[in-house]
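Chemist: What follows is a single structure, and I will ask about it in a moment.
Read the figures in this text as sums done on the coordinates, not as results from a lab. As the structure is a prediction and not an experimental result, all values here were calculated from the model. Ideal geometry is used to build each Cβ from the backbone, glycine not excepted, and the neighbour counts take in all protein chains shown.
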Amino acid sequence: MRKVYRGRDIEVSFDLDICIHIGECLRGERNVFNLNRRPWALPDAGEADEVARVVELCPSGALLYQRLDGRPQEKPEGPTRMTPIRDGPLLVTGEVEVRREDGTVETLPRATLCRCGQSEHKPFCDNQHLAIKFRAPGAPFKIHLSPVRPVLDKPITKAEDPRGAA
């Protein structure tokens with residue numbers, strides 16, 4: 001379920017159910033995305049263009065934005081592309097229409113989809129590939145440790161994610 005953080009020029013939404021805990025939000029714009037306060041996301045604490053840039057770094061589509069200042073909305077560049085991530089999910093970019101188990105359809109500019117078969121949030125990845133030590137070829141993907149990814153080899157649950165209560 002998406003939680004919306006509305007600013008003057010840009011609105012940011014976050015869906016913890018599809019987050020894969022890469023933490024680019026925390027690394028990218030620390031004034032806007034800060035786990036030490038509630039709410040953890042304050043779009044007005046940064047420039048709207050910078051907020052949009054950081055949101056677009058989120059590979060899962062858990063973070064999205066809506067421009068309120070008349071500036072262009074995020075548009076997928078080029079055709080839809082699928083890139084298997086080594087030992088991890090399928091990274092899909094472009095116009096991604098996803099039908100959830102409950103039948104709802106959401107169009108995302110990017111998504112990380114399960115390829116190990118163990119996700120509790122199919123079709124999205126929830127990092128269960130870490131728990132089962134899934135191995136498959138693919139492109140390397142740099143993971144940085146953060147409060148939302150404290151260890152590399154264990155998935156974090158929704159209850160453990162500090163953004164869940166905010």
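Chemist: Can you tally the lysine pairs in the chain where the Cα-Cα distance is under 19 Å and the two residues are eight or more apart, or on different chains? Walk me through the numbers on the way to the answer.
Modeler: Working: K3/K158; K122/K133; K122/K154; K122/K158; K133/K142; K133/K154; K142/K154.
So the count of such lysine pairs works out to 7.
Chemist: Taking the inverse of the average 1/r across all pairs of different Cα atoms in the range 81-131, what Kirkwood radius in Å do you get?
Modeler: Working: mean 1/r = 0.0899 Å⁻¹.
Mean inverse Cα-Cα distance, inverted, gives 11.1 Å.
Chemist: Using just the Cα positions, wrap the range 2-67 in a convex hull and report its mean projected area in square nanometres, one decimal place. Numbers along the way, then the final one.
Modeler: Details: hull surface 15.0 nm².
Seen from a random direction, the Cα hull of the range 2-67 projects 3.8 nm² on average.
Chemist: Dipole size in debye (nearest 20) for the range 2-67 around its Cα centre, Lys and Arg Cβ +1, Asp and Glu Cβ -1?
Modeler: Numbers: 10 positive and 11 negative charges, 57 e Å.
Here the range 2-67 has a charge dipole of around 280 debye.
Chemist: Cut-off 11 Å, label point 7 angstrom out along Cα-to-Cβ of R100: give me the residues of the range 63-91 whose amide nitrogen falls inside.
Modeler: Output list for this probe position: empty.
Chemist: Please report the orientation-averaged projected area of the chain, defined via the convex hull of its C-alpha atoms, in nm².
Modeler: On the way: hull surface 37.4 nm².
Projected over every direction and averaged, the Cα hull of the chain covers 9.4 nm².
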